[in-house]
Amino acid sequence: MINIIDFKENLGLSEIPVELEKLIYFQNNISSVENYANGFGVLIDDKSGLLSWSEDEDFLKQLLLFAQANGTGSFYAIWNDGTSKPLNQMPIVVFGDEGGVHVVAENILKLLHLLTYGTEIWVEFDQTYFYKDDNSYKEPEDLGKYLKWMKGEYNLNQIEAPNELIKTAQEKHQKAFDQWFSQYFNLE
């Protein structure tokens, strides 16, 4: 169970985007298990994942790690891109456990929509994507509750083509993110 006060303190924020507050409420109170989207879960992190990429204070300040992305150690962070946009409109980046850092969503709501697909995200060095193998796919236990919640809160249905949403986000933000990120870590 995620304590919202501890979550805010961990991020160094007095307020968090309403989408995250609602998601934490859903995860704590509506989902009977943390299995509403395979491999995903909001978490409180000590930045150890980010520290493995860079210990630079500016790097750490501009990335707000807020959720695990899959069952193997990848995680999601909000990238404060230096614009004056509100935090809930900042791009979402996935850091892969075996390398690869990619913009995955234009904002938190777009990430929540991606999660309706019901599978873990795949993070490779040169790409990230959602994939569903019809022969081995097992629907998350509480995916139905999550879909109902997303429809009620945001009038969004289950996404059919998640990789198109990722492509759109990357077209808008990946080049700028890569340029910013290269100050701290060389991906080549």
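Remarks
- Filter pass, F59 being in contact (Cβ under 8 Å) with a residue 40 or more places away in the chain, assigned to a strand (DSSP E or B) and not acidic (D, E): no
- Qualifying residue in segment 99-112 (condition: within 13 Å of the chain's Cα centre (by Cα), more than 17 Å from H173 (Cα to Cα) and surrounded by 21 or more Cβ atoms within 10 Å (Cβ to Cβ)): yes
- Looking across segment 134-178, the residues that are free of Cβ contacts under 8 Å to residues at least 24 places away in the same chain and either assigned to a helix (DSSP H, G or I) or under 20 Å from V42 (Cα atoms) (or both) come down to E139, G144, K148, K151, G152, E164, K167, E171, K175, D178.
- Test: residue in segment 20-27 that is surrounded by 17 or more Cβ atoms within 10 Å (Cβ to Cβ), charged (D, E, K, R), more than 25 Å from D178 (Cβ to Cβ) and touching a helix residue (DSSP H, G or I) at 6+ places or on another chain (Cβ under 7 Å): no
- When every residue of segment 2-13 is checked against the conditions, at least one turns out to be more than 29 Å from N155 (Cβ to Cβ), free of Cβ contacts under 8 Å to residues at least 40 places away in the same chain and either surrounded by 17 or more Cβ atoms within 10 Å (Cβ to Cβ) or touching a helix residue (DSSP H, G or I) at 6+ places or on another chain (Cβ under 7 Å) (or both).
- Checked against (1) closer than 24 Å to Y154 by Cβ; (2) assigned to a loop (DSSP other than H, G, I, E, B), T72 passes all but a single condition, namely (1).
- When segment 28-46 is limited to residues that are modelled with pLDDT under 90 and surrounded by fewer than 16 Cβ atoms within 10 Å (Cβ to Cβ), the one that is nearest to E139 (Cα to Cα) turns out to be V33.
- Test set (1) within 15 Å of the chain's Cα centre (by Cα); (2) more than 17 Å from Y129 (Cα to Cα); (3) not β-branched (V, I, T) - N38 fails condition number: (2)
The values are calculated or read from the model by the stated rules, or taken from the named source; none is laboratory data. A quick note: this is a predicted structure, and the numbers were derived from the prediction, not measured. Positions of Cβ are backbone-derived with ideal geometry, glycine not excepted, and every protein chain shown enters the neighbour counts.
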